[in-house]
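These notes concern the structure reproduced below.
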Amino acid sequence: MPDTTFTHSDYLDSFTQFMKTGENEPLATYLEGARPIGFLNVYRNGYLKASVAGLESNFPALVTFWGEDYFRQVANAYVDYAPPNSATLVGYGFDATHDEPNPSFFEFMQTQLPEVVAQFPYVIDICRLEQAWLQALNESSEGVLTLETVQDLIARGEDLAELPLQLIDSSRVIELDYDILPLWSQLRFGEVNEGQQIEVQTNTVIFWQRDLQVQAKQLMEAEAVFMKSLKQNESFDAATSMALDMDENFDVSTLFAELLNAQLLKLEN
Amino acid sequence: MKSQKVQFDSKQSTLSGAGVNLKPQHYEEALSLADSSAQTKATPGLWFEVHTENYFVRGGPRLHYLQAIANNFPLSFHGVGGSLGSFTEKPADMTTRHLSQVAGLVKRFNPVMVSEHATWSTSQHAYFADLMPLPRTEQALTCLCEGIDRYQEAIGRSILIENPTNYLDFVSEMDEADFLMEAVRRTGAGLLLDVNNLYLSYRNTALDPKHYLEALDPAKVGEIHIAGFDVDPNFPNDLLIDSHAAPVDEAVWELLATALTKLGPKPVLLERDDNVPSFDELMQERNRAYDLLTASNNTEHESQLAVAHA
Ligand SMILES: [Fe+2]
């Protein structure tokens, strides 16, 4: 009879240790027969490969930028450092949340591979855009405020200034340190022009989902202040006065029409 | 309590025919087969399966297309992160969140079938994105059954559990078929028989497929998987890997035919997750499975007639 006096949790602990470190000796007691213990690597390799593939689909522009080999090297180190803490790889490597407290892929680079960040300082901006784009794509687009609804409200004599307006859930306002949106779009969606210059220049971009596709727009300074305020649940009025502080020519009615047209607004529920 | 559980019975299942596991790059082509106005003839018995975890999103094109697929074809949810075999009394937050997301999707899409694996993949704080084996001990069996119970309770219906691919022999107190049949009996779940996994377990660990098929209760088998495998370049004779990255091997087609003869007609699903070819190519493989299934259906029908006439 085989020795089965071990507990199931002992077994899971030893296997977990192996998956984390590659150390397989503690698993020997659970094996029978003559097959090499090294075959256990099938499981660890499968896990690493799947997790790296998850990161590749979450950071596709970075894969193009670095090339697959280098990306995979960094990604493998991240998987060892911060195994996925959710049983899906959708969103693996993105910013920590209450439910998924892992350091993000970029935070890992910052603390563990500072030389990489020093060499490619704008990689954080690439990561910010990757995350925002995918999150905008996978967000619900319900509740968009339509022109018809607004016309109805006006007909009913509602004061538009009083409406609890907000940006739709899929909107993501991204503050960047480099002027990198053009390069990122090329990496993400098409041909990369040789000799692309990347300037240090803070700027703000907004992504949002419309008709199942992600839209992007680079924002003027006052617009950016306005959008960020709305994203932080400030009222339309408060956001407008903050934008006016920045630029006295800020025209909220033009912007309102643009936002409505772009399907970027919803009513707070 | 346990004896009161509703028991899975394949005769009650409404799923039939042959399906393909659906990848996002094939949404449009898949939907074009549903378009009755198109010149293309409808494909009888076609259904789709998706990895449940890929739909853990709040909206956007993924859920939109999944809804369109669900409106036009039978849909099956196949979980890969449920980690049924690492049940703990105090589930990690990760597990609780996972189950509530699966439950939400099941409620929204009402798939014809829901399945998971008789393996494990999460420890308290980490998800190891692969399907890790269970030793076939009484303790592991109890743990697996509790994992199945919790999953079924969360989604409010019974599931199928899939046999693993074996690469090594873990200590065991019972054969794999008996282990799985016992889990199914205790929980009311059914079995998803992956004949590629079975073939690889045979090649890798000398598990006897004929004996295995005989030990299964056909009424408990609700679905069959077929897929392709890779040969490990370092151990080409000893290590075949369940990669889902190649066409189905001839030996697996043979085993599928044997399984259909032994178990009777069952819905068959073609799995392909890597090196994904064109949709047409996948459909050709799927059609081959459908033809085999139709042939086995006819044979069963004839033998029933023969019995009735005898
Ligand atoms: Fe399978």
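The values are calculated or read from the model by the stated rules, or taken from the named source; none is laboratory data. Predicted model, so just to flag it, every value in this text is computed and none were measured. When we count neighbours, we look across all protein chains shown, and the Cβ atoms used for this are built from the backbone with ideal geometry, even at glycine. Heads up: the accessible areas ignore ligands, DNA and RNA and are worked out on the full protein's heavy atoms, side chains in. Shrake-Rupley method; radii C 1.70, N 1.55, O 1.52, S 1.80 Å.
Things worth noting here:
- Filtered by the rule that a residue be open to solvent by 30 Å² or more (accessible area, probe 1.4 Å) and within 15 Å of the ligand (Cβ to nearest atom), segment B:248-275 gives B:Asp249, B:Asp273, B:Asp274.
- Positions within segment B:229-240 being within 16 Å of the ligand (Cβ to nearest atom) and touching a helix residue (DSSP H, G or I) at 6+ places or on another chain (Cβ under 7 Å), in sequence order: B:Phe229, B:Leu240
- Within segment B:227-247, no residue that is on the phi > 0 side of the Ramachandran plot and touching a residue at least 40 places away in the same chain (Cβ under 8 Å) sits with its Cβ atom under 8 Å from a residue that is of a type outside the set (A, V, I, L, M) and part of a loop (DSSP other than H, G, I, E, B) at 6+ positions apart or across chains.
- The set of residues in segment B:141-187 that are part of a helix (DSSP H, G or I) and of a type in the set (D, E, K, R) comprises B:Glu146, B:Asp149, B:Arg150, B:Glu153, B:Glu176, B:Asp178, B:Glu182, B:Arg185, B:Arg186.
- For segment A:14-42, residues that are open to solvent by less than 60 Å² (accessible area, probe 1.4 Å) and closer than 18 Å to B:Gln124 by Cβ total 6.
- Scoring B:Phe128 on the criteria (1) under 21 Å from A:Glu32 (Cα atoms); (2) assigned to a strand (DSSP E or B); (3) of a type in the set (A, V, I, L, M, F, W, C); (4) away from the ligand (no atom under 15 Å from the Cβ) leaves a single failure, condition (1).
- Annotation note: Cβ proximity below 6 Å between a residue of segment A:153-171 that is more than 12 Å from A:Asn269 (Cβ to Cβ) and in the same structural domain as A:Met227 (by TED's automatic domain parsing) and a residue that is open to solvent by less than 80 Å² (accessible area, probe 1.4 Å) and small (Gly, Ala, Ser) (sequence gap 6+ or interchain) occurs for A:Ser170/A:Ala136; A:Ser170/A:Ser141.
- Hits in segment B:151-167 (condition: open to solvent by less than 10 Å² (accessible area, probe 1.4 Å) and either more than 27 Å from A:Thr5 (Cβ to Cβ) or within 14 Å of another protein chain (Cβ to nearest Cβ) (or both)): B:Tyr151, B:Ile159, B:Leu160, B:Glu162
- Hey, A:Val79 open to solvent by less than 20 Å² (accessible area, probe 1.4 Å), free of Cβ contacts under 8 Å to residues at least 40 places away in the same chain, at the interface with chain B (Cβ under 10 Å from one of its Cβ atoms) and in contact with a Lys or Arg (Cβ under 7 Å, 6 or more places away or on another chain) or not: no
- Qualifying residue in segment B:167-190 (condition: at pLDDT 95 or above and within 12 Å of the ligand (Cβ to nearest atom)): no
- Selection within segment B:127-147 - within 11 Å of B:Gly85 (Cα to Cα) and either within 16 Å of the chain's Cα centre (by Cα) or open to solvent by less than 30 Å² (accessible area, probe 1.4 Å) (or both): B:Leu131, B:Met132, B:Pro133, B:Leu134, B:Pro135, B:Ala140, B:Leu141, B:Cys143, B:Leu144, B:Cys145, B:Gly147
- Among the residues of segment A:100-131, those that are over 18 Å from B:Asn54 (Cα atoms) and within 14 Å of chain B (Cβ to nearest Cβ) comprise A:Pro101, A:Asn102, A:Pro103.
- Flag for B:Asn71 being within 16 Å of the ligand (Cβ to nearest atom), closer than 26 Å to A:Asp211 by Cβ and at pLDDT 95 or above: no
- Residues being open to solvent by 10 Å² or more (accessible area, probe 1.4 Å) and over 27 Å from B:Leu198 (Cβ atoms) - total across segment B:107-126: 7
- Output for segment B:101-148, where each listed residue is within 7 Å of chain A (Cβ to nearest Cβ), small (Gly, Ala, Ser) and within 18 Å of B:Asp169 (Cβ to Cβ): B:Ala140
- Selection of segment B:62-92 for residues being within 7 Å of another protein chain (Cβ to nearest Cβ) and surrounded by fewer than 18 Cβ atoms within 10 Å (Cβ to Cβ) yields only B:His64.
- All helices (runs of 4 or more DSSP H) inside segment A:1-105 with 1 or more residues being among the aliphatic types (A, V, I, L, M) and over 16 Å from the mean Cα position of the chain (by Cα): A:8-21, A:41-58, A:68-81
- Here B:Ser201, B:Ser243 are screened, and the one residue that is within 14 Å of another protein chain (Cβ to nearest Cβ), closer than 24 Å to B:Ile148 by Cβ and within 16 Å of the ligand (Cβ to nearest atom) is B:Ser201.
- The lone exception for B:Leu260 - which of (1) out of contact with any Leu (no Cβ under 8 Å at 6 or more places or on another chain); (2) outside any loop (DSSP other than H, G, I, E, B) it fails: (1)
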